[in-house]
Amino acid sequence: MTILQAGRFSSLVGEIYDAAADPALRGAALEQVSNFVGGCAATILSRDSARLSIEIHQHFGADARFRQLYRDRYVELDPLLDRHFDLATGRTVGVTDIMPHSDFVATSFYREWVEPQGATDLATVTLERSHARVTILQVLRHRSRGLVDETMRERMRLLAPHIQRSRAMGRQIRARSHTVDDLADVLDGLSTAICLLDAEGRVVHANAACRQLFADADLFAMIGDRIVARNTQADKIFRGLSEIFANAENDSVRSRQINLATSSNGHHYLLHAFPLKREGHAPRDMAATVLFVQRATMLPSLVPDAIAAAFRLTPSELRVLMAIVEIGGVPDIAARLGIAETTVKTHLGRLFEKTGAGRQADLVKIAAGFAVPFAQPTSGDDVV
């Protein structure tokens, strides 16, 4: 290979790997592969081990009509394809490895499929092989270039591992991209505000509920890429959570403490931060901590029946518990429910006894634990 050819080969390898990241480049890369090895058309296809079907992954230079004919009939007449089930990855096969070219010209595969495309020969190379499937690169040789020669074979052998790795990289990139997109959709469907922060406490990602929380700015707001508390109590709690952010890489910091904060408009929120496991060499701007913020509410999502069943609560005790979640103070609860404060205190004592809670804040946390995680279409003050 000359210096010029070596430079072209190096450039082509780069294009092959670029196509792994950008599917739009695959057609152009396959065209360059075909041209470099001396072909007029190229196809990457798979054949299952049962010989029942094929899948054409990429193609260049082959008319749609001939691709369909190959699927419907001529795949069974191709003298090279099924040979690759017994060949190692990277092995190149030409027609003359199987039969004399004069015999090949006499076949219906040549007369009805190869020759009508202006080709006179073809070569294939194994890209991937497993017990279930084999994937090959098939290249047609135009009649003006003559038969497949050793230069074509060698160039196909050189390119095969790069094409195979590019395909594997492309699958990994697509799988990861789908996972990230799907995860973002799932997070956006949750009622809990979820925020991912890096090792410096900067926001890396916020789900829809969290973005709404920042937009409402009753408890937290976001300035730039930082979270800012809107009142002294929330600020104190968030500063305590920030210690978790700062020590996220320390495996001993695994606090599961849940904090109860009150927004400027009097709504209760449960806050919990938890560090994510990170590799030692992970970039600083990768997610290091996840912050959960859940509105404590009396919405049906709390599933009152489930709470009552879990703690054997009477209807009156359940109503008081729901009022504690929504309101909090004994006088306000009494006024809301139309009962005496002493009655509220009696029910409150029974709630402590049945749930094991020691404070009203603990009752709020227990009730919130029954919340359905998926966001419900709501309006007004019920927006989380």
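The values are calculated or read from the model by the stated rules, or taken from the named source; none is laboratory data. Note that the coordinates shown come from a computational prediction; the quantities given were computed from them, not determined experimentally. Ideal geometry is used to build each Cβ from the backbone, glycine not excepted, and the neighbour counts take in all protein chains shown. These accessible areas exclude ligands, DNA and RNA; they are computed on the full protein's heavy atoms, side chains included. Shrake-Rupley method; radii C 1.70, N 1.55, O 1.52, S 1.80 Å.
What to note about this one:
- In sequence order, calculated HN-Hα J values of the stretch 335-348 (Karplus, 6.51, -1.76, 1.60; Hz; x Gly/Pro): 5, 5, 8, x, 10, 6, 4, 5, 5, 4, 5, 5, 5, 5
- With 5 Å bins from 0: P(r) over the stretch 1-105, alpha-carbon pairs, percent: 2, 10, 16, 20, 22, 17, 9, 4, 1
- Positive-pole candidate from Leu25, Pro100, Ala64, dipole of the stretch 3-177, charges at beta carbon: Leu25
- Computed from the C-beta positions of Asp82 and Thr151 and an R0 of 25 Å, the FRET efficiency is 0.45 to the nearest 0.05.
- For the stretch 207-216, backbone phi angles converted through the Karplus equation (6.51, -1.76, 1.60; θ = phi - 60°) give residue-by-residue couplings of 6, 4, 5, 6, 4, 5, 4, 5, 5, 5 Hz, Gly and Pro being listed as x.
- Ligands, DNA and RNA are left out, and with a 1.4 angstrom probe the accessible area of the chain is 51 Å² per residue.
- Rounded if a/c under 1.5, otherwise prolate or oblate - the stretch 4-66, Cα gyration tensor axes: prolate
- Probe 1.4 Å, all protein chains present, accessible-area order of Thr192, Thr346, largest first: Thr346, Thr192
- Apportionment of accessible area to carbon and sulfur, the chain, percent (1.4 Å): 52 percent
- For the stretch 141-243: relative contact order, % (alpha-carbon pairs under 8 angstrom, 6 or more apart): 13 percent
- Taking the chain and dividing mean pair separation by its residue count, relative contact order in percent (alpha carbons under 8 Å, at least six apart): 12 percent
- Candidate values (i) 28.0; (ii) 21.3; (iii) 18.7, label of the one derived for mean projected area of the Cα convex hull in nm²: (i)
- Amide H partners (placed H, <5 Å) of Ser191, local residues excluded: Phe374, Ala375
- Where labels lie 7 Å past Cα in the beta-carbon direction, separation of Ala335 and Leu4 in nm: 9.2 nm
- Modelled FRET efficiency - R0 22 Å, Arg226 with Asp182, Cβ distances, 0.05 increments: 0.20
- Acute angle (nearest 10 degrees) that the helix 150-188 long axis makes with the longest principal axis of the chain, alpha-carbon atoms: 20 degrees
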